[in-house]
Amino acid sequence: MIERTLSYGELGLGAEDILSSIPSDAVTRQEVLSLIDEIQRFLQARFAFVTTDIQPLQQFHPGPIIINQLKGSEALCWFVVTAGQEFEAFQHRLTQEGDMVRIYLANEIGSIIAEKTADQMEELLQQQLTPKGLYRTNRYSPGYCGWHVSEQPILFELFRPKVPTYNNKSSPTPCGIHLTDSCLMVPIKSVSGVIGIGHNVRRQDYTCNHCGLNASCKRGRRL
């Protein structure tokens with residue numbers, strides 16, 4: 001398993017990248033810049049990934065759309081990324097303060113940070129693949145394209161150490177992410193999923209037309 005922690009600066013995420021994703025007037029723009037200034041002081045975004053052969057895919061039911069997109073994969077990369085527990089605590093503080101504008105903006109910024117962290121994860125993965133002449137598919141996550149979130153625990157089990165520690169019966173929590181009883185991730189601004197790896201697979205710039213959520217999905221518009 002490879003795991004990394006990234007500061008705000010290491011994400012390569014500029015203020016304009018965030019502002020361009022959030023419709024705003026002059027006042028809201030200043031609020032966004034103020035939030036960015038706060039966030040960059042404490043942000044500790046994280047990602048982790050583990051590569052396997054294709055056998056673990058048999059444990060999942062991701063649906064025909066994802067299965068088709070993974071076709072030709074010779075290996076799989078399972079990943080988790082998160083904006084971090086520090087960001088989650090920041091959101092809780094804003095909620096207690098009750099400023100709905102800042103709550104909304106922080107929520108949007110958190111989504112952008114999580115996606116940018118996933119981008120950084122993919123870049124590191126590709127650095128490892130390129131010398132071997134390998135490529136990757138797009139990333140696919142439970143909750144999208146017919147893949148039910150109830151299979152999150154199976155995905156998280158792939159991050160359990162192969163050599164168990166003494167009396168360790170707890171669920172794996174890569175990057176400090178844990179699952180609720182309804183299989184949602186905490187911190188909330190987290191993403192998990194799978195990427196296909198192979199000599200004859202390719203990453204596509206735009207695949208939202210394959211997904212039944214393409215009309216309402218904010219995430220797709222950011223990718």
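Ordering TYR8, TYR104 by how much accessible area each has at a 1.4 Å probe, largest first, what is the list?
Descending accessible area places them as TYR104, TYR8.
Can you pull out the GluC sites (Glu not before Pro) in the range 47-101 whose DSSP state is coil and whose Cβ has at most 16 other Cβ atoms within 10 Å?
Sparse-neighbourhood loop GluC sites (Glu not before Pro): GLU74.
Keeping all protein chains in place, calculate the accessible area per residue for the chain (probe 1.4 angstrom), answer in Å².
Accessible area per residue, the chain: 52 Å².
Provide the net charge surrounding ILE197, with neighbours chosen by a C-beta distance below 12 Å and charges set as Lys +1, Arg +1, Asp -1, Glu -1.
Value of the local net charge: +2.
Tell me which label goes with the value of Rg and Dmax of the Cα atoms in Å computed from the coordinates here: [x] 16.4, 45; [y] 18.6, 77; [z] 17.9, 56.
Calculated Rg and Dmax of the Cα atoms in Å: the matching label is [z].
Amide H to amide H, which residues 5 or more places from GLY193 or on other chains are under 5 Å from it, using H placed in the peptide plane?
Result for GLY193 returns PHE79.
May I ask you to derive the relative contact order of the range 65-196, considering only C-alpha pairs under 8 Å and at least 6 residues apart, and to give it as an integer percent?
Computed value for the range 65-196: 45 percent relative contact order.
Using θ = phi - 60° and the Karplus curve 6.51 cos²θ - 1.76 cosθ + 1.60, what whole-Hz ³J(HN,Hα) does each residue of the range 187-198 get, with Gly and Pro shown as x?
Coupling constants for the range 187-198: x, 5, 7, 9, 9, 9, x, 9, 10, x, 10, x Hz.
Output the 0 to 90 degree angle, nearest 10, between the alpha-carbon long axis of helix 100-129 and the longest principal axis computed from the alpha carbons of the chain.
Between helix and principal axis, roughly 30 degrees.
Rolling a 1.4 angstrom probe over the protein chains, ignoring ligands and nucleic acids, what is the accessible area of MET1 in square angstrom, nearest 10?
Here the accessible area works out near 130 Å².
Rank these by accessible area, largest first, 1.4 Å probe: GLU115, GLU123.
The ordering from most to least exposed comes out as GLU123, GLU115.
Going by amide H atoms built from the backbone, whose H comes under 5 Å of the H on ALA75, apart from near neighbours?
ILE197
The values are calculated or read from the model by the stated rules, or taken from the named source; none is laboratory data. Treat the numbers as computed from the prediction; the structure is a model and nothing was measured. FYI the Cβ positions are ideal-geometry reconstructions off the backbone, even for glycines, and counts take in every protein chain you see. Just so you know, the surface numbers come from the protein's heavy atoms only, side chains and all, with ligands and any DNA or RNA stripped out. Shrake-Rupley method; radii C 1.70, N 1.55, O 1.52, S 1.80 Å.
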